[in-house]
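Trainee: Before I ask anything, here is the structure I am working with.
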Amino acid sequence: MDDFFIFDGIKSTDKNITLIDYKRIFLPANNRSFLQIPGKDGSVPKGEDTKQDIILDCEVSITGDDEREINNNIENTNVWLSKRGELTFWDMLDRYYIGEVIGEISMDSQIKWNLFSLQFRCNPIKYGEAKSFDITQSPTIYNTGTYHTKGIIAIEITEEVDHIEVTLQNTGEFIYLEDSFVSGDKVVIDLEKEYISKNGYSAMQNLYLESDFFRIPVGEFRITTNTGNTTLEYIERWL
């Protein structure tokens, strides 16, 4: 079976493109700098431990019965590869990057066998399976990814309360929302966008300043709430 990649939901071999090889990234570089302090051994790291974008170099070929068909196949890829989208490879179908083609694409033209290189600039984190959990029934969860993630916490109120508190027990970080809640109210906490809604409307004005839109850690973690039926949804992330 020919190797392939999938971009924006389309398999490369459906566009007459075969993936010959691509450069795999073992670990993305950190966005950190290091300060040298006179009289002190070593250095002091500065900045957050975030990751730089990665460049994936792909060697591919376009096939056709003659030069005209090859050129037509090339033209058919222009719109497909000129956007930003999800990118996955034949050997990691359960995970994907988000990126786009960059740089000029040059070709070594040969009849029936056109070789060229594609460079994808991608977010450094691979995304995996979407997960959903009932926190009310089981507040202890295991994140099987290798990188922290964010998610959405949805709470359906089942009794009258004057506040909602959601706590990540691993770190003590919490989200505290003070308001009048009645049975049937629906509260959605988007940890990624750092936004909270109540019945579809913003509830940010009732959020305590000490609140943290915490990150979901790798491994076992525990999230508790003081009221309602609560679910958590997130997408696993991988280095």
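The values are calculated or read from the model by the stated rules, or taken from the named source; none is laboratory data. What you are looking at is a predicted structure, and each value in this text was computed from that prediction instead of being measured. With ideal geometry, Cβ positions are generated from the backbone for all residues, glycine too; neighbour counts draw on all protein chains shown.
This table checks each residue for (1) at pLDDT 90 or above; (2) over 19 Å from ARG237 (Cα atoms); (3) surrounded by 15 or more Cβ atoms within 10 Å (Cβ to Cβ).
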{"residue": "SER12", "(1), (2), (3)": "yes, yes, yes"}
{"residue": "PRO28", "(1), (2), (3)": "no, no, yes"}
{"residue": "ARG32", "(1), (2), (3)": "no, yes, no"}
{"residue": "LYS51", "(1), (2), (3)": "no, no, yes"}
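Trainee: Take ILE37 and decide whether it is in the same structural domain as THR88 (by TED's automatic domain parsing), among the aliphatic types (A, V, I, L, M) and within 24 Å of GLU100 (Cα to Cα).
Mentor: For ILE37, the condition - in the same structural domain as THR88 (by TED's automatic domain parsing), among the aliphatic types (A, V, I, L, M) and within 24 Å of GLU100 (Cα to Cα) - is not met.
Trainee: Considering ARG95, ARG84, which residue is under 17 Å from ILE235 (Cβ atoms) and either charged (D, E, K, R) or at pLDDT below 90 (or both)?
Mentor: Every option except ARG95 fails the conditions.
Trainee: Residues that are part of a loop (DSSP other than H, G, I, E, B), in contact with a strand residue (DSSP E or B) (Cβ under 6 Å, 6 or more places away or on another chain) and of a type in the set (A, V, I, L, M, F, W, C): does the stretch 41-62 have at least one?
Mentor: no
Trainee: Separate question: If ALA130 satisfies every condition in (1) loosely packed, with under 14 Cβ neighbours inside 10 Å; (2) in contact with an Asp or Glu (Cβ under 9 Å, 6 or more places away or on another chain); (3) part of a loop (DSSP other than H, G, I, E, B) but one, which is the exception?
Mentor: Unmet condition: (3).
Trainee: Can you spot a residue in the stretch 74-85 that is in a strand (DSSP E or B) and aliphatic (A, V, I, L, M)?
Mentor: There is no residue in the stretch 74-85 that is in a strand (DSSP E or B) and aliphatic (A, V, I, L, M).
Trainee: Look through PHE221, PHE214 and report the one residue that is of a type outside the set (Val, Ile, Thr), under 30 Å from MET92 (Cα atoms) and not in a strand (DSSP E or B).
Mentor: Going through PHE221, PHE214 in turn, the sole match is PHE214.
Trainee: Would you mind finding the one in ILE152, ILE102 that is surrounded by fewer than 19 Cβ atoms within 10 Å (Cβ to Cβ), of a type outside the set (Gly, Ala, Ser) and outside the structural domain of TYR22 (by TED's automatic domain parsing)? Can you show your working first?
Mentor: Values: ILE102 fails: outside the structural domain of TYR22 (by TED's automatic domain parsing).
The unique qualifying residue is ILE152.
Trainee: Tell me, please, whether a residue that is among the charged types (D, E, K, R) and assigned to a loop (DSSP other than H, G, I, E, B) can be found in the stretch 28-38.
Mentor: Within the stretch 28-38 (the criterion being among the charged types (D, E, K, R) and assigned to a loop (DSSP other than H, G, I, E, B)), the answer is yes, since at least one residue qualifies.
Trainee: Also: Name the one entry in SER180, SER197 that is out of contact with any strand residue (DSSP E or B) (no Cβ under 6 Å at 6 or more places or on another chain) and either part of a strand (DSSP E or B) or modelled with pLDDT of 95 or more (or both). Talk me through it step by step, then tell me what you get.
Mentor: On the way: SER197 fails: out of contact with any strand residue (DSSP E or B) (no Cβ under 6 Å at 6 or more places or on another chain).
The unique qualifying residue is SER180.
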